[in-house]
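Asks: Please read through the structure below; I'll follow up with questions.
The values are calculated or read from the model by the stated rules, or taken from the named source; none is laboratory data. Source: prediction; values computed, not measured. Here the Cβ is made from the backbone with ideal geometry for all residues, glycine too, and neighbour counts use every protein chain on show.
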Amino acid sequence: MRDTQNDTSHSHDRVRHHHVFYRFHLPHIHLTSVFGDGWFALQAEKFARFFGTPVFLIMQTIIVCIWILVNIIGWAKFDEYPFILLNLAFSLQAAYAAPLILLAQTRQSDRDKAHAEADAQHREDLAHASDERQAFAAQQATLLLEMLKQNTELTGTIKSLTERLEALTNEVHEKVVSAPGSIQKIRATNVQKPAQR
């Protein structure tokens, strides 16, 4: 049961990530492809894409060479020179390949257009988010400068208060020291206190 819950949770995370990652592509989902989205459409597009691969070209070259070799050597006489049947096979292949390739290109063009629009939207969203971050950073920098200014003012105020307190302390000390008999009174008071305890 726990594995099923983990699988379900992981599946939901994947779907959520897919929707977040492709959020700018979602408005273009309504676009229908030229072939459609069924099994035939996907197979037709795969077939059309296969025509341009090196594997197809090499396979076709090997088949044509074997075809010509078999008919020239005489192992079989199903298509003698000038190879009319081979010519017909190429014509049939071209008749199906050309529309499939054009349709695949059109379908790819639609996808490219949708992706380009989604990418442009994504870039605009990033630029907007970047502008917001820059504005927030500027606001924070202004706030920090204001706080630094206030801190400097407070430091100056504390310094002046400290200097004033030091001056008052010195003034009080001078008055206490200069008064006649004040030191003896202070000493006598300090001596009496321990005796009382």
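Asks: Collect the residues in the stretch 62-83 that are among the hydrophobic types (A, V, I, L, M, F, W, C), part of a helix (DSSP H, G or I) and more than 58 Å from the chain's Cα centre (by Cα), keeping them in residue-number order. Spell out how you get there, then give the answer.
Replies: The initial filter retains those residues of the stretch 62-83 that are among the hydrophobic types (A, V, I, L, M, F, W, C), namely 62-70, 72-73, 75-76, 78, 83.
Then drop every residue that is not part of a helix (DSSP H, G or I), which leaves 62-70, 72-73.
Within the stretch 62-83, 70, 72, 73 meet the criteria.
Asks: Being surrounded by 12 or more Cβ atoms within 10 Å (Cβ to Cβ) and within 22 Å of residue 44 (Cβ to Cβ) is the filter here; which residues of the stretch 64-98 pass it?
Replies: 89, 90, 93, 96, 97, 98
Asks: Can I ask one more? Report, by residue number, each residue of the stretch 31-63 that is surrounded by fewer than 11 Cβ atoms within 10 Å (Cβ to Cβ), at pLDDT 80 or above and hydrophobic (A, V, I, L, M, F, W, C).
Replies: Within the stretch 31-63, 55, 58, 62 qualify.
Asks: Can you go through 169, 106, 142, 152 and tell me which one is of a type in the set (Ser, Thr, Tyr) and at pLDDT below 85? Steps first, answer last, please.
Replies: On the way: 169 fails: at pLDDT below 85; 142 fails: at pLDDT below 85; 152 fails: at pLDDT below 85.
Matching residue, one of 169, 106, 142, 152: 106.
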